[in-house]
Amino acid sequence: MVSMNPESYFPRNIKAALQHNPPGEWIPSVPANAIRLHSGYPAPHLVPSVELKDAVAQLLEVENDLPLHYIGSPSIDRLKEYVRARQEVRGMLAKDNELLITSGACQAIDLIARIFLDKDAVVVVESPTYMEALEIFWNYTDQIITVPIDKDGLQTEQLAELLAKRKQKGMRQPSFLYTIPTFHNPTGTTMTAKRRNHVLQLAEEYDFLVLEDDAYGELGFTSNPRTLKSMDTQERVLYVGSFSKVIAPGMRIGWVHASEKFIQALFWFKKDLEHPFAQATMATFLKKIDFSSRLQELSKAYQKKCYVMLSALKKHLPKDATWFVPDGGYFVWVKLPNLDTEKLLSKATEEGVSFLPGKYFFLDQEEGAEYLRLSFSYESEKDIEKGIEKLGYVIVSK
Ligand SMILES: Cc1ncc(COP(=O)(O)O)c(C=O)c1O
């Protein structure tokens, strides 16, 4: 009898993708009572669980079984209207056929990768970048190239050099640039207006698309910068938004705003992979709340938490530690010269505090050894202070 080898059934592209680290490998195992400075979750008290419970009750009361069918509820159209109005507030005018609701930003990124990438396609990402996006791109191509970030976001001069060199050598140019220009994950940096203009100029000159991931874009402490999409006159930007960081990640609701042809192709591959009940619930919830005041409340709360974290870092970290000061979002990116932050993590969790080692945010993981990402979004101000004190202790007693 011939024995069955499960691996032999995978085609070459899937075998190649399976060579990479498994998804979520970066999530540390953290004791239940540890202070969690690793997770990019919203603060528990800012997730509107009571209001969402009321929205579910109201939805079922008014629409009965409709939202529980495959495509049933009219509320889903209202959600799209709502997203369109929100885009407009931020200077992005979307026609009806230029928006697609997705299961979170992650599904949007995956669909975009699916329609633009083949195994030889080139993607440019920031270094460091959001690790789940890296994981997604790896499923489609190994041709991922990186451009470093500094305190002003993506270093567009370096991007320009890279593109010029590739042109000179007759190499394939990128299909798209993946960027998180505003309140970046993991660095917390924001791309300057000058660099935003430069990105769009380069996209035109070298004919590539831009995937703008704006998951944190409305969480500025004092203001939110203009999106690349709002500056784009050529329809080169595929904008990805999400309700995960401003409402609740478990609802899994995001969207893409892009030109009609792109939306049609994304829709083609999305099939039924979405959650009509969550979308109808979200529409009911949004109708009842004042979203702008909610954003103000979130910004104020996260700004305070961030301030507590930055003050604690100054107090408890060694003098040679450095970090970027964020203007919004969830994260502080710390550099600890001559330290391996992955090794530090097990000692930190024993001491009762967690963080994410920087290596997971880099294509070449060695580049991230001295960095770590701290999240101020999830824990209380008291625990942030306590957590950073513990971290400082672990660093100096290493
Ligand atoms: C930059 C960035 N994009 C996208 C996401 C995922 O968003 P969603 O929950 O909508 O899939 C995250 C979540 O951490 C993120 O940090």
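The values are calculated or read from the model by the stated rules, or taken from the named source; none is laboratory data. Quantities reported herein were computed from a predicted structural model and do not represent experimental measurements. Cβ sites come from the backbone with ideal geometry, for glycine too, and all protein chains shown count toward neighbours.
What residue, of Met92, Met131, is within 15 Å of the ligand (Cβ to nearest atom), within 23 Å of Thr189 (Cα to Cα) and either in contact with a Ser or Thr (Cβ under 6 Å, 6 or more places away or on another chain) or touching a residue at least 60 places away in the same chain (Cβ under 8 Å) (or both)? Write out each step before concluding.
Values: Met92 fails: within 15 Å of the ligand (Cβ to nearest atom).
Matching residue, one of Met92, Met131: Met131.
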State the number of residues belonging to the stretch 30-62 that are crowded, with 16+ Cβ neighbours inside 10 Å, closer than 24 Å to Ser354 by Cβ and not small (Gly, Ala, Ser).
9
Restricting attention to the stretch 51-65, does a residue exist that is more than 16 Å from the ligand (Cβ to nearest atom) and basic (Lys, Arg)?
yes
With the structure loaded, tell me whether Tyr41 is assigned to a loop (DSSP other than H, G, I, E, B) and either within 21 Å of the chain's Cα centre (by Cα) or charged (D, E, K, R) (or both) or whether it fails that test.
yes
Within the set of pairs 6+ apart or on separate chains, which have a first residue in the stretch 102-113 that is closer than 12 Å to Leu238 by Cβ and within 8 Å of the ligand (Cβ to nearest atom), a second that is among the aliphatic types (A, V, I, L, M) and assigned to a strand (DSSP E or B), and C-beta atoms under 6 Å apart?
Ala105/Val240; Ala108/Val240; Ala108/Val256
Taking into account only those residues within the stretch 240-261 that are within 21 Å of the chain's Cα centre (by Cα) and either part of a helix (DSSP H, G or I) or not assigned by TED's automatic domain parsing to the domain that holds Val56 (or both), which is nearest to the ligand (Cβ to nearest atom)?
Pro249
Restricting the stretch 109-121 to residues that are in contact with a helix residue (DSSP H, G or I) (Cβ under 8 Å, 6 or more places away or on another chain) and at pLDDT 95 or above, the residue that is surrounded by the fewest Cβ atoms within 10 Å (Cβ to Cβ):
Ile115
Considering every residue within the stretch 375-382, establish whether at least one is in contact with a His (Cβ under 9 Å, 6 or more places away or on another chain), over 15 Å from Pro28 (Cβ atoms) and in the same structural domain as Arg36 (by TED's automatic domain parsing).
yes
Among (1) in contact (Cβ under 8 Å) with a residue 12 or more places away in the chain; (2) within 22 Å of Ala248 (Cβ to Cβ); (3) not hydrophobic (A, V, I, L, M, F, W, C) - the single one Gly24 does not satisfy:
(1)
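If a residue counts only when it is touching a helix residue (DSSP H, G or I) at 6+ places or on another chain (Cβ under 9 Å) and of a type in the set (Phe, Trp, Tyr), which helices (runs of 4 or more DSSP H) contained entirely in the stretch 265-361 have at least 2 such residues? Walk me through it before giving the result.
Numbers: elements: 276-288, 291-316, 341-351.
Filter on the stretch 265-361 gives 276-288, 291-316.
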Please determine whether any residue of the stretch 213-228 is modelled with pLDDT under 95, in a loop (DSSP other than H, G, I, E, B), surrounded by fewer than 22 Cβ atoms within 10 Å (Cβ to Cβ) and touching a Lys or Arg at 6+ places or on another chain (Cβ under 8 Å).
yes
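So is Arg90 of a type in the set (D, E, K, R) and not assigned by TED's automatic domain parsing to the domain that holds Gly254 or not?
Values: of a type in the set (D, E, K, R): yes; not assigned by TED's automatic domain parsing to the domain that holds Gly254: no.
No: the conditions fail for Arg90.
Only one residue in Thr227, Thr222, Thr192 is hydroxyl-bearing (Ser, Thr, Tyr) and within 16 Å of the ligand (Cβ to nearest atom), so which one is that?
Working: Thr222 fails: within 16 Å of the ligand (Cβ to nearest atom); Thr192 fails: within 16 Å of the ligand (Cβ to nearest atom).
The unique qualifying residue is Thr227.
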Can you confirm whether Gly24 is assigned to a loop (DSSP other than H, G, I, E, B) and either on the phi > 0 side of the Ramachandran plot or β-branched (Val, Ile, Thr) (or both)?
yes
Based on this model, can you work out whether Glu132 counts as within 20 Å of the chain's Cα centre (by Cα), in a helix (DSSP H, G or I) and not assigned by TED's automatic domain parsing to the domain that holds Phe324?
yes
Verdict on Glu385 being farther than 21 Å from Pro249 by Cβ, among the acidic types (Asp, Glu) and modelled with pLDDT of 95 or more:
yes
